[in-house]
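Colleague: Quick one: structure below, then a few questions.
The values are calculated or read from the model by the stated rules, or taken from the named source; none is laboratory data. Model, not experiment: these values are computed from the prediction. Virtual Cβ from ideal backbone geometry, glycine too; neighbours counted across all protein chains shown.
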């Protein structure tokens, strides 16, 4: 049976004539506040701040900063973040861009050896791999412009967690063990992650006194407590001592930026999602626009599972191809956002999709392979006023550069690897980049982080996930599950698959597809690669505006996720 294609003219008109659901006045507010994050201490920190009179934006500071202490394999104040905000009182949607940026002495070929090959150790490990962090500047911006409470209140749970310690748990222990050789190059890293010279045991407290003092400086002096003064001097001294290129001016000159989110419409829902330097929002808009011509929900009822997966995969392939060519920091390159998110452009992409046969990526015009990434984190918040935060935070790979700057407790990111160190050369997540994402001073590297809101007449969804190159496709599959009418617990647990243009393979989680589906996809021309494990760590919140009920869910793939409604 052939897939049913909806009338493209009607579809294009409905997509172009967006109804700004987010700007309307809602008759009901949520009955409770919901927070879903990667760790119970972070979720509780957010609720604690709400109970002290804060709103979702204050809670976002508390959750972000606590995750920076207890989940350092995924985020930290030495890294960056995108906070997608919805303010209930006026319907404003905005993305706070706290993405890291290249230091002033950075240059395009800085990681190439004498043969012109990328030195992956320099690009990933040690302070030369670190871009200038943006998370702390984001905290101050959130507090000053959107929150109700001073930073000293919102940061207190994180300060306590750093000062008193948190119990080591299996995921962070495994990451420390994998990163041991890099961590042990640096005395400050060794002191924190190998107390008494040994890998921490489960339940053993990981105490970070220097990090607590750094957070106290921020609580007292705001952004200046990190980017200027004693902490800044310690950071720069340590970075330069170990081969990095940061300067005091790099830190002092860092600013967060407010970005207009990407919006698109799909089956009566409005999506508000991440703008560049994230590639996520544009890719999601492209994929959904391509898929909008098919009734995927009905396909599940009438056709084989492989038919739907094939169409979704072909849309993924084309969006990731565009990502590799066009996307970068819009302050440095002209990204054709209107073109890439327009339904007519999607119609052109759709015309090249054969419902019965995969199109090899080599046949798509483009530039000339793929570990999993879970080393980012996400949380979702709705408060009782209807304010919302969808935030994805990162230090890039697990435990980042492995370098803690002496006297600060700050683990530095290795976000410079998210630039294209060499056109056509894959990064740590197998993603291909071109000139639009080359290294330049002050530029922010392209990201896959995709914090997202979905608005409809009677429902609101807040979701996102870590996952490196797979973030976009995991968020996509969560969204499609929501559009199919399933609840928040289903979105976060849905089996996952992924295609990213190059390498030309369809990756799946273990047990995501049965053998019949794999055989059917293979017959269509897909090379199906089944992973040994599972991916991601999605956290989502749902608000039923008719009843006022709020529900929250954390990904069952990890044991530390925490979703609480109060």
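Colleague: For the range 409-423, which positions are part of a loop (DSSP other than H, G, I, E, B), within 27 Å of residue 440 (Cα to Cα) and out of contact with any strand residue (DSSP E or B) (no Cβ under 8 Å at 6 or more places or on another chain)?
Modeller: At the first step, the residues of the range 409-423 found to be part of a loop (DSSP other than H, G, I, E, B) are 409, 412-414, 419, 421-423.
This time we only want the ones that are within 27 Å of residue 440 (Cα to Cα), so: 412-414, 419, 421-423.
Hit for the range 409-423 is 414, nothing else.
Colleague: Test of understanding: among 123, 161, which residue is under 26 Å from residue 40 (Cα atoms) and either within 24 Å of the chain's Cα centre (by Cα) or at pLDDT 95 or above (or both)? Even if it seems obvious, please write down each step before you answer.
Modeller: Details: 123 fails: under 26 Å from residue 40 (Cα atoms).
Just a single option satisfies the conditions, and that option is 161.
Colleague: Give the number of residues within the range 452-472 that are buried (at least 24 other Cβ atoms within 10 Å of the Cβ), assigned to a loop (DSSP other than H, G, I, E, B) and touching a helix residue (DSSP H, G or I) at 6+ places or on another chain (Cβ under 8 Å).
Modeller: 3
Colleague: Now, a different point. Checking the structure you have, find out if any residue of the range 233-255 is farther than 21 Å from residue 441 by Cα and touching a helix residue (DSSP H, G or I) at 6+ places or on another chain (Cβ under 8 Å).
Modeller: no
Colleague: Examine the range 194-205 for a residue that is modelled with pLDDT of 95 or more, within 13 Å of residue 409 (Cα to Cα) and touching a helix residue (DSSP H, G or I) at 6+ places or on another chain (Cβ under 9 Å), and state whether such a residue exists.
Modeller: No, because not a single residue in the range 194-205 is modelled with pLDDT of 95 or more, within 13 Å of residue 409 (Cα to Cα) and touching a helix residue (DSSP H, G or I) at 6+ places or on another chain (Cβ under 9 Å).
Colleague: Enumerate the helices (runs of 4 or more DSSP H) found wholly within the range 228-316, keeping only those where 2 or more residues are touching a strand residue (DSSP E or B) at 6+ places or on another chain (Cβ under 9 Å), farther than 20 Å from residue 101 by Cα and at pLDDT 95 or above. Steps first, answer last, please.
Modeller: Values: elements: 229-241, 248-252, 280-291, 296-302.
Helices (runs of 4 or more DSSP H) meeting the threshold: 280-291.
Colleague: Kindly provide the set of residues from the range 532-556 that are under 13 Å from residue 495 (Cβ atoms), surrounded by fewer than 19 Cβ atoms within 10 Å (Cβ to Cβ) and modelled with pLDDT of 95 or more, ordered by number.
Modeller: Result: 556, single match.
Colleague: Any idea which residue in the range 349-393 is surrounded by the most Cβ atoms within 10 Å (Cβ to Cβ), counting only those that are modelled with pLDDT under 95 and not in a loop (DSSP other than H, G, I, E, B)?
Modeller: 376
Colleague: Oh, and also: Please verify whether residue 522 is more than 23 Å from the chain's Cα centre (by Cα), assigned to a loop (DSSP other than H, G, I, E, B) and surrounded by fewer than 17 Cβ atoms within 10 Å (Cβ to Cβ), treating the condition exactly as stated. Break it down stepwise before answering.
Modeller: On the way: more than 23 Å from the chain's Cα centre (by Cα): yes; assigned to a loop (DSSP other than H, G, I, E, B): no; surrounded by fewer than 17 Cβ atoms within 10 Å (Cβ to Cβ): yes.
So residue 522 fails the test.
Colleague: For the range 88-125, give me the residue count where each residue is closer than 30 Å to residue 147 by Cβ and surrounded by 18 or more Cβ atoms within 10 Å (Cβ to Cβ). It would help to see each step written out before you state the result.
Modeller: Applying the first criterion (closer than 30 Å to residue 147 by Cβ) to the range 88-125 yields 88-103.
Cutting the leftovers down to surrounded by 18 or more Cβ atoms within 10 Å (Cβ to Cβ) gives us 88, 93-103.
Matching residues across the range 88-125 total 12.
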